[in-house]
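Quick notes on the structure that follows.
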Amino acid sequence: MAPRLSITAAALAATIALVANTSSAFAPPSTLAGSKSSSSFVQHHGIPIRANTVATSMITELVTADIPSTLASATAAIQPAADALSSTLSSSTDLLSFSDQGQNLAGIFFQCSLLPYLAFLYFLSFRGNRTPDLGNFGWQYLLLFVLGTIPSGIVTRSVYGDSLANTDWLHGGAETLLTITNVLIVLGFREAMSNPNYSSSGSKYGNTPKIIGVVGALLFAAACATGTGLGFEVHSPFLFGIGNLPEDTVASLPFVMHSEPINALSIPTWAIHCSSVIEFLFAMDIIWKFAETTDNPKWKGLTWGMVPLHASGICACTYHFFYNPSSLQFLVELQAFFTLLGNTTVAIAAYRIAISNGWTLRELNPFPKSEVSPEGIAIDEAAAVPYNVVAAQESDLVLFAKLTALTITGSYLIKYGELALDLPFSENGIAAGAIVFGVPAITSYLYYNRGKEEGGEEGGFSLPKFGGDGEGLSMADVKKFGVSGTVAYILTELAFWAVAFPVASSALYQTTGHWPDVINDTTDRAAVLAFIFTGANIARLLVPVRLGAALALAPWVDENIINRGGAEDEE
């Protein structure tokens with residue numbers, strides 16, 4: 001039991017030290033409030049932990065501050081715990097379990113996705129945006145979900161020797177933090193749009209949602225610390241499997257053709273996944289409508305930026321639908337890639353929102369601004385403009401009932417409905433890919449049509465239109481568009497390489513039976529490059545299609561990237 005306790009204590013120390021400093025790190029310097037620090041530490045299990053109680057420090061900092069202390073203070077706070085963690089975990093397997101993916105492609109994508117997300121939080125928090133406080137806190141709370149995978153990943157790897165996806169009680173607990181994130185976002189933006197007293201009196205919820213969120217994170221941390229000692233095993237169901245049907249009852253259902261694998265998700269864990277996807281769709285819809293509340297169509301661009309993150313969630317659900325087989329590992333890589341892509345696109349969207357509301361490079365100056373600065377006065381005046389409030393079409397209770405009904409229905413349909421199908425047991429990569437790309441494609445199509453019906457702005461973007469006879473295409477045609485044509489061609493080539501690597505990795509797995517280790521194994525690296533080289537030569541047969549795609553994309557690049565600033569100045 002001692003190794004389990006030391007590993008868990010190390011994980012919690014790292015998580016708590018990070019969480020305790022996430023309340024003011026991402027605000028623009030001009031909006032930072034004074035931060036608090038403490039130098040008092042105690043030793044527990046050989047790991048330094050802050051002497052003040054976790055509940056007091058987290059609730060005080062996360063609730064009273066507008067946004068997460070500085071990145072420097074966060075780094076200083078985590079360093080002692082990180083050093084102790086490194087000395088506590090002796091094997092490289094334990095160290096790699098921080099991301100639950102180690103140094104494979106998914107782990108690299110997940111790690112790279114953090115920086116653009118921090119940029120997103122920074123731009124979203126710009127005071128001129130008038131971002132609702134609770135909604136802004138919800139986006140910041142997502143960091144707790146990311147941090148929550150640290151102790152849960154360590155426990156699953158070190159104690160059970162399995163993945164987090166197969167450890168139901170930890171899996172469901174970690175995903176609960178994601179559900180809380182989406183709830184906070186929906187509540188925050190929805191209230192700002194419908195509460196006429198919001199601008200003058202603030203949120204009618206007060207700090208209650210924030211406190212509940214912090215308590216939820218603490219409960220999960222406590223579960224990570226005590227779960228293994230209380231006898232929870234690798235496949236112990238989340239929340240004791242409340243709602244699961246007895247095995248005899250499931251077997252007696254007339255449509256059931258298969259038995260569930262031991263790693264099947266429980267009803268509570270499926271409910272958490274379903275609610276996360278549904279609530280995220282609600283959040284996309286509300287942020288789209290927030291453009292009217294603020295008279296700023298750039299907010300619709302944030303909805304478009306959220307589409308890859310929606311695809312990331314679909315990847316996770318699809319992987320669980322097929323019972324997490326190693327042969328569909330590419331779904332995990334795709335999930336990580338969409339997370340990186342989505343964090344980048346929401347960062348770009350938040351940047352465009354901030355620019356439209358007066359953000360300039362001067363905001364990066366950490367020193368106090370002049371109180372008589374014309375730019376600062378203009379931004380403050382814009383930030384004080386009240387919202388265009390529209391009465392909510394349904395009460396909070398009705399919305400809660402609707403979300404609950406959709407969540408419960410979806411959970412039972414997926415968990416027990418898939419037992420009537422052969423597909424989930426077939427490990428069919430083509431079908432999995434169709435689900436992953438099909439659902440977000442339908443979502444995008446619906447928003448595209450919605451944008452056209454509302455005036456054709458599509459959230460501030462003009463979507464590329466495909467046309468032309470495609471005859472006699474060459475690079476000369478692309479060069480006619482100048483810089484825009486070159487950038488469009490680069491984007492199409494990058495899209496090819498972004499797809500080529502996961503495909504090559506999957507091909508190697510189908511051939512050799514293991515996933516490539518492109519960092520440590522030169523043989524695997526050479527094999528992957530050979531697959532990609534072969535694919536690139538085959539793709540040469542599709543040069544006209546690739547050039548056509550670049551030509552079709554060039555006008556959009558010219559309007560939305562190259563000349564974006566000039567177009568906004570004219571507006």
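Here are the numbers for the structure shown:
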read-out	value
Peptides ranked, highest mean first, by Cβ atoms within 10 Å: ranges 342-352, 206-216	342-352, 206-216
Sulfur and carbon atoms: percent of accessible area, segment 292-337 [1.4 Å]	57 percent
Under Karplus coefficients 6.51, -1.76 and 1.60, residue-wise ³J(HN,Hα) of segment 168-178 in Hz, glycine/proline x	4, 5, 7, 4, x, x, 5, 5, 4, 5, 5
Accessible carbon and sulfur surface of segment 130-195 relative to its total accessible area, %, 1.4 Å	60 percent
Cross-link pairs 300/479; 289/402; 210/452; 452/479; 204/452; 298/452 - those with Cα-Cα distance over 26 Å	300/479; 210/452; 452/479; 204/452
Ordering of 429-438, 165-174 by burial proxy (mean other Cβ atoms within 10 Å per residue, highest first)	165-174, 429-438
Inter-label distance for residue 520 and residue 442, nm, one decimal - labels placed 7 Å from Cα along Cα-to-Cβ	4.2 nm
Integer Hz, Karplus 6.51/-1.76/1.60 couplings in order for segment 410-427, x for Gly and Pro	x, 4, 5, 4, 6, 4, 9, x, 6, 5, 8, 10, 7, 4, x, 9, 9, 6
Whole-Hz couplings from phi, Karplus 6.51/-1.76/1.60, listed for segment 249-257; x for Gly and Pro	5, 4, 5, 7, 5, x, 8, 6, 10
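The values are calculated or read from the model by the stated rules, or taken from the named source; none is laboratory data. Because the structure is predicted, anything quoted here is derived from the model rather than measured. Note: ideal-geometry Cβ built from the backbone for every residue, glycine included; neighbour counts use all protein chains shown. Just the protein is used for accessible areas: all its heavy atoms, side chains included, with ligands, DNA and RNA removed. Shrake-Rupley method; radii C 1.70, N 1.55, O 1.52, S 1.80 Å.
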